[in-house]
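To keep things clear, I will list the structure first and then write my remarks on it.
The values are calculated or read from the model by the stated rules, or taken from the named source; none is laboratory data. Treat the numbers as computed from the prediction; the structure is a model and nothing was measured. Cβ coordinates were reconstructed from backbone atoms using ideal geometry, including for glycine residues, and neighbour counts include every protein chain displayed.
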Amino acid sequence: MYFKKNKLFIEKVEGLKIVKKFGTPTYCYSRSKLKNNIKNFQKNFRSINPLICFSVKSNSNLEILKQIKRSGIGADVVSKGEMLQALKAGIPPKKIVFSGVGKKSEELKFAIEKKILLINAESESEIFEIERLAKLKKTNVNIGIRLNPNIDAKTLKKISTGKHEDKFGLTEKAFLNILKNFKKSNFVKVKCLSVHIGSQITDCKPYEKMINVLDRIIKKSNHLYDYVDLGGGMGIQYEKKTKLFNYKRYNSIITKFLKKHKVKIIFEPGRSIIANSAVLFSQIIYIKNTSKKKFIILDAAMNDLMRPALYGSFHNILPLIKSNKKNKKIHDFVGPVCETTDKFLSVKEFSNLKEKEYVAISDVGAYGMSLSSNYNLRPKASEIMIENKSSKVILKRQKLNNIV
Ligand code: LLP
């Protein structure tokens, strides 16, 4: 995304042309950005040759998953729906891992039938259920057990998953006990130690601590694991002031770990692959001036992009046509939903804007569309893929007929 003569472009297509052609609100992806993100992720960890499983919860659009497949990476899914979508995109079952604290019997059964690589279990009851199903099918099932390493990921509290107070995984003690109990099972084979401590992590230290815990657990386990699944969580730069995640350092920490333990590493990145490949285009419906501020009322709302309302997270906003004049007043970019938290951003000044003009909300590729809802009975936005000079619909705008 860049400005040329004050006009915003995605690859070689002018933003204004996209909104005129497809309407708003619209999620708009750049294929080359997505491809580059995948390539960079692969390059960053080339020396350890991991299995990369894209976290489908961050974005489950079929066209995006097809690109994931074409780039040779697998999928991390958390529901039967996501598993079906990954399979539909052509991702081989042997590159699919299934995570989540509450997998239903029917979902586990489906995963077993499809012979996916691993089911990452998060409780003893879940492993009993997998064992019961495997027995019924007279087969054996490869599982991972998720550890809760009690580590503060130093990220937003609401997206931290690796502390004992969080519902995820098992404590070290429970983990080792369960491992002992299932070691001799004929139906459940513990192949993987899995972990995921949180999302939008920008500091390498929590990962370093996590690896130390894994090292300790493996030593205590007296068990041969084929895989260690490190989850995802690598952060991106939503704001310029955010420091870049140090992949080199993380890679070298893992390299040291692999000298002691001969396992295949699995990653489950979502955000780092897809977040900065998309913007959300929106039209300004009204501008309301008060003595204190300007409310820029957009046609996109918290139902389209939930992150600012849910986590107070930052997404930059850009005009589609930059004006040379700046308006020095507080601008609150808000949506039409009847909630005070339906606000995207507040800035002290902004390029001059008029009603009916358009803006682009940045870095919305991860947990944007996938977290969207029909709140206020608003139809879900469309999704567009840009590739060089071409643009195509990759998800049609929901029709009111389908929800009313
Ligand atoms: N693996 C597991 C087991 C996970 O729970 C998650 C994310 C990931 C991988 C992918 O993490 P990533 O690389 O995308 O950070 N909705 C929130 C983020 C929730 C993340 C949930 N788990 C947000 O919009 O920030």
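Data overview
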item	result
Selection status of LEU377, over 21 Å from GLU11 (Cα atoms) and either more than 16 Å from the ligand (Cβ to nearest atom) or modelled with pLDDT under 95 (or both)	yes
Qualifying residue in region 7-25 (condition: among the aromatic types (Phe, Trp, Tyr) and within 17 Å of the chain's Cα centre (by Cα))	no
Residues of region 264-321 satisfying the condition of being farther than 16 Å from ALA366 by Cα, touching a helix residue (DSSP H, G or I) at 6+ places or on another chain (Cβ under 6 Å) and not assigned by TED's automatic domain parsing to the domain that holds VAL56	LEU320
Test: residue in region 282-291 that is crowded, with 18+ Cβ neighbours inside 10 Å, over 26 Å from ASN352 (Cβ atoms), at pLDDT 95 or above and of a type outside the set (A, V, I, L, M)	no
Region 1-16, residues that are touching a residue at least 40 places away in the same chain (Cβ under 8 Å) and surrounded by 14 or more Cβ atoms within 10 Å (Cβ to Cβ)	MET1, PHE3, LYS7, LEU8, ILE10, GLU11, VAL13, GLY15, LEU16
Residues of region 4-26 satisfying the condition of being of a type in the set (A, V, I, L, M, F, W, C) and farther than 20 Å from GLY365 by Cβ	LEU16
Subset of region 352-374 [more than 10 Å from the ligand (Cβ to nearest atom) and among the aromatic types (Phe, Trp, Tyr)]	TYR358
Selection within region 222-257 - crowded, with 18+ Cβ neighbours inside 10 Å and within 25 Å of LYS189 (Cβ to Cβ)	TYR225, TYR227, VAL228, ASP229, LEU230, GLY231, GLY232, ILE254, PHE257
Strands (runs of 3 or more DSSP E) contained in region 292-354 and holding at least 1 residues farther than 22 Å from PHE3 by Cβ and β-branched (Val, Ile, Thr)	293-298, 330-334
Options ASP332, ASP299, ASP304; residue that is away from the ligand (no atom under 16 Å from the Cβ), acidic (Asp, Glu) and out of contact with any Lys or Arg (no Cβ under 7 Å at 6 or more places or on another chain)	ASP299
Leading residue by the ranking (surrounded by the fewest Cβ atoms within 10 Å (Cβ to Cβ)) among those in region 18-28 that are touching a residue at least 12 places away in the same chain (Cβ under 8 Å) and assigned to a helix (DSSP H, G or I)	LYS21
Helices (runs of 4 or more DSSP H) wholly inside region 29-133 containing at least 3 residues that are of a type in the set (Lys, Arg) and free of Cβ contacts under 8 Å to residues at least 60 places away in the same chain	31-44, 62-70
Scope region 94-143; condition touching a strand residue (DSSP E or B) at 6+ places or on another chain (Cβ under 8 Å), farther than 15 Å from LYS80 by Cα and among the polar types (S, T, N, Q); matching residues	SER123, ASN140, ASN142
Test for LEU108: is it in the same structural domain as ASN59 (by TED's automatic domain parsing) and touching a Pro at 6+ places or on another chain (Cβ under 9 Å)	no
Residue check for TYR311: of a type outside the set (Gly, Ala, Ser), surrounded by fewer than 17 Cβ atoms within 10 Å (Cβ to Cβ) and within 11 Å of the ligand (Cβ to nearest atom)	yes
Complete set of residues in region 141-161 that are within 10 Å of the ligand (Cβ to nearest atom), part of a loop (DSSP other than H, G, I, E, B) and either farther than 13 Å from ASN120 by Cβ or modelled with pLDDT of 95 or more (or both)	ALA153, THR155, LEU156
